[in-house]
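One structure below.
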Amino acid sequence: MKLAIVQDDICWADKNANLQKTAKQLSELAGKADLAVLPEMFTTGFTTDRLDLAETMNGQTVDSLKKWAVEFQLAITGSFIAEENDNIYNRGFFVFPSGEIKTADKRHLFTPAKEDDYFAYGNERLTVRYKDFNICLLICYDIRFPVWARNVNNEYDLLIYVANFPAKRICDWDTLLRARAIENQSYVCGVNRTGVDGLDISYNGHSVLLDYKANELLSFQDNERAIKTTEILTVSLENYREKFAVWKDADRFTIA
C-alpha cells in the first residue's frame, strides 16, 4: 500500500481555504498513493469553542472528501468537527475510493484545553480493512492512553494518529509513537500540523511513518510543509510477528 502523509499549516477556522488547499494537495496524489493521511481537524485547526464550525455528515467537508476519494481514486483519513443529535464530536473518518465513509469519534478529549466542555466523548475505535491492511485510526490525545490502542490478537496492522500536537510537547509525541509501534507490533503513522494557530500555539510537525520495530520509513524536518509517500507491505510485518510472537503473551482485557 502506498501511503502519503500531508504535513502542512492549517488556516485558522477557515474551512473554505483549507478545503481548497487540500483539494489541490490530493489532486497531486492521484495515481501516486492509495491512502492520504491529513491532520486532526484539517478544515479548522484545533478550535474547541467554535461550534459554528461543526458540520453534519451531509455537510461541505464530508461531501468534499467523498468527491475527492472517487475523483482521485485514493482513500483519505483525518478528523473534522462533526455535529450529530445535538452533540459536537471530534470525528475521525476513513473514506474509501468508492466514496464509502466510516467514522468514529475521539475517545480521549483534551481536558487541559477544555475540549470536554464542548465536545462529546466517543466510545468506539475506527478500524477498517483496506489494501490487505487492517487500519486503526485514533486522534491526538488518544496517544497518551496505550490501553485504548492495544492491539489484541493483531486486530490491526497499521495504527494512525492524526493530531494538532504542539511543539512544546513534541518530545512526548516522538516517544509515544515509537512506543505504540513496538508494543503493538504494528506500523504506526503519526500526522501532525505545522504553523501557529489562532491561540498563538506553535506546531512543528514531526509527522512520521514507523515500522513495527519503530524504524523510520518516512519523516519530516521541523516545520517542513510537504507531502511524502512510501510503500508498506503486510508480508514483512507478518513474518516478524511469526518469528517474534510477543503478541501471543499479551494480557486479555475488555474496556468498559
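The values are calculated or read from the model by the stated rules, or taken from the named source; none is laboratory data. Quick caveat: nothing in here was measured; it's all calculated off a predicted structure. Every residue, glycine among them, receives a Cβ derived from its backbone with ideal geometry; neighbour counts consider all protein chains shown.
Below, the figures for the structure above:
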| quantity | calculated |
| --- | --- |
| Of all residues making up region 1-39, the number that are assigned to a loop (DSSP other than H, G, I, E, B) and either charged (D, E, K, R) or within 16 Å of residue 158 (Cβ to Cβ) (or both) | 8 |
| Test result for residue 151, among the polar types (S, T, N, Q), farther than 21 Å from residue 35 by Cβ and surrounded by 16 or more Cβ atoms within 10 Å (Cβ to Cβ) | no |
| Selection count where residues are surrounded by fewer than 18 Cβ atoms within 10 Å (Cβ to Cβ) and free of Cβ contacts under 8 Å to residues at least 60 places away in the same chain, scope region 22-40 | 5 |
| Flag for residue 251 being within 21 Å of residue 127 (Cα to Cα) and acidic (Asp, Glu) | yes |
| Residue 76 among the aliphatic types (A, V, I, L, M), over 21 Å from residue 192 (Cα atoms) and in contact (Cβ under 8 Å) with a residue 24 or more places away in the chain | no |
| Search result, residues across region 130-163 that are of a type outside the set (Asp, Glu) and either in a loop (DSSP other than H, G, I, E, B) or over 19 Å from residue 209 (Cα atoms) (or both) | 131, 145, 147, 148, 150, 151, 152, 153, 156, 163 |
| The lone exception for residue 253 - which of (1) over 24 Å from residue 34 (Cα atoms); (2) at pLDDT 95 or above it fails | (2) |
| Considering residues of region 78-122 that are of a type in the set (Ser, Thr, Tyr) and crowded, with 19+ Cβ neighbours inside 10 Å only, the residue nearest to residue 136 (Cα to Cα) | 103 |
| Residue that is surrounded by the fewest Cβ atoms within 10 Å (Cβ to Cβ) [pool: residues in region 213-256 that are assigned to a loop (DSSP other than H, G, I, E, B), over 19 Å from the mean Cα position of the chain (by Cα) and of a type in the set (Lys, Arg)] | 252 |
| Odd one out for residue 193, checked against (1) basic (Lys, Arg); (2) surrounded by fewer than 15 Cβ atoms within 10 Å (Cβ to Cβ); (3) more than 23 Å from residue 233 (Cα to Cα) | (2) |
| Hits in region 41-67 (condition: buried (at least 24 other Cβ atoms within 10 Å of the Cβ), in contact with a helix residue (DSSP H, G or I) (Cβ under 8 Å, 6 or more places away or on another chain) and not β-branched (Val, Ile, Thr)) | 42, 46 |
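Listed here are the residues, each with its yes/no results for (1) more than 23 Å from residue 194 (Cβ to Cβ); (2) in contact with a Gly (Cβ under 8 Å, 6 or more places away or on another chain); (3) small (Gly, Ala, Ser).
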site	(1), (2), (3)
32	no, no, no
50	no, no, no
64	no, no, yes
68	no, no, no
89	yes, yes, no
